[in-house]
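Report on the structure given below.
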Amino acid sequence: MSIAILGGLDRMKRTYEEKGRAMGFDIRFFGQRVPNLGKRLAGVDGIVIFTGTVAHHMVEEAVKVGKLGNIPIGRCHSSGVSGLKRCLEDLGFCRG
């Protein structure tokens, strides 16, 4: 199962990926604006947005892709690993 993370701290990329892998997810991390974000988000099973550290343009693009592809989107202000876990639990992707 593939999850895209938008925002967050670049120095935490490896930690997000390791924690996601431990929970059974393939993590795609986008800490900054990238070209063709909509195409890069195609095919993910869920999107997690760290609202405290993300550009508005990225949020708009993610919401558009989420609506078109019926992809669940979770938003969390905290960009820590516990915030990621809590957001995934809220989306129903993992328990406990």
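Only the coordinates and a few stated rules stand behind these numbers; no lab work does. Source: prediction; values computed, not measured. Note that each Cβ is placed from the backbone with ideal geometry, even for glycine, and that neighbours are counted across all protein chains shown.
Scanning segment 30-52 for residues that are aromatic (Phe, Trp, Tyr) and either more than 19 Å from Cys87 (Cα to Cα) or assigned to a helix (DSSP H, G or I) (or both) yields a count of 0.
For segment 53-96, a residue qualifies if it is loosely packed, with under 13 Cβ neighbours inside 10 Å and either part of a helix (DSSP H, G or I) or in contact with a Ser or Thr (Cβ under 9 Å, 6 or more places away or on another chain) (or both), and the qualifying residues are His56, His57, Glu60, Lys67, Leu68, His77, Ser82.
Number of residues in segment 66-96 that are in contact (Cβ under 8 Å) with a residue 12 or more places away in the chain and of a type in the set (Asp, Glu) equals 1.
Scanning segment 4-29 for residues that are touching a residue at least 40 places away in the same chain (Cβ under 8 Å), crowded, with 16+ Cβ neighbours inside 10 Å and over 13 Å from Ser82 (Cα atoms) returns Ala4, Ile5, Leu6, Gly7, Phe25.
For Met58, the conditions (1) out of contact with any strand residue (DSSP E or B) (no Cβ under 6 Å at 6 or more places or on another chain); (2) more than 17 Å from Ser2 (Cα to Cα) all hold with the exception of (1).
Residue count for segment 76-96 under the criterion of being over 18 Å from Asp10 (Cα atoms) and among the basic types (Lys, Arg): the result is 2. Taking the criterion of being among the small types (Gly, Ala, Ser) and closer than 12 Å to Leu6 by Cβ, the residues of segment 65-93 that qualify are Gly66, Gly74, Ser79.
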